[in-house]
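First comes the structure, then the notes that go with it.
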Amino acid sequence: MPYITTAELAERPGAREIAQQASLPHQMVRDDALMDATLRGTDRSAWTPEQIAAADAALARVQDAVAEAGALIDGHLVQRGYTLPLALPPGSAGRSMVTVWARSITRYLLNKDRMTDESKDPVARDYRDALKLLGLLAAGKFSLGADDPAAPAATGSTDVRFDSAPTVFNRTQLHAFR
């Protein structure tokens, strides 16, 4: 199971960016609605077969990037000892974080041919941040939250009690020194 779906990529970063970055130069997907329908798996009967073929080629590149991002994430997760595929409940904080990392890595893989200053590019920044957090997770310095399967099991109580030796001098013994 991938950590991000093409429908989630249609939401953010959106069909326009996906169409621009995933299309081949000689087969550009010019219609954002077609790319959105392709990513979401909805009806595409309003477009020509050539347009649909171009959108399918772009979708194949997106699916390759999603698979590569998943493999990169799995490589970090296995270092920590997670059982793969990672099964986190939908809507959990850990699932959301992994989805954000998958989105950032997928966007970077689709945008890797851009000619920009890497230090100021938000796509490259998000990719570096995702890799940094994945590295911290693999080292055991970061957690996926309350549903983290690799987190140490919590004990039943957080009650702390202290026990000490009996007092050597108490009020009655020190009363004679007054």
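Values quoted throughout were computed directly from the atomic coordinates according to the rules given, and no laboratory measurement underlies them. Given the structure is predicted, the values throughout are model-derived calculations rather than measurements. Here the Cβ is made from the backbone with ideal geometry for all residues, glycine too, and neighbour counts use every protein chain on show.
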Would you be so kind as to identify which of 58, 87, 2 lies farthest towards the positive end of the dipole of segment 1-134, taking Lys and Arg as +1 and Asp and Glu as -1 on Cβ and the Cα centre as origin? 87
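Report, in debye and to the nearest 20, how large the dipole of the chain comes out about its Cα centre when Lys and Arg carry +1 and Asp and Glu carry -1 on their Cβ. The partial results should precede the final answer.
Numbers: 20 positive and 22 negative charges, 195 e Å.
It works out to roughly 940 debye.
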Can you list the DSSP H helices in the chain whose Cα atoms extend at least 20 Å along the helix axis and whose mean Kyte-Doolittle hydropathy is 0.0 or higher? 49-80, 93-110, 122-139
In percent, how large is the relative contact order of the chain, given Cα pairs closer than 8 Å and 6 or more residues apart? 21
Please report how far the C-alpha centroid of segment 54-109 lies from that of segment 119-139, rounded to the nearest whole angstrom. 14
Under a Gaussian network model of the chain whose springs join Cα atoms within less than 10 Å, the largest fluctuation of 168, 160, 29 belongs to 168
Which label marks the calculated value of Cα Rg over 2.2 N^0.38 Å, given the options (1) 1.67; (2) 1.02; (3) 1.10? (1)
List the lysines whose alpha-carbon lies under 22 Å from that of residue 112, not counting same-chain residues fewer than 8 positions away? 120, 132
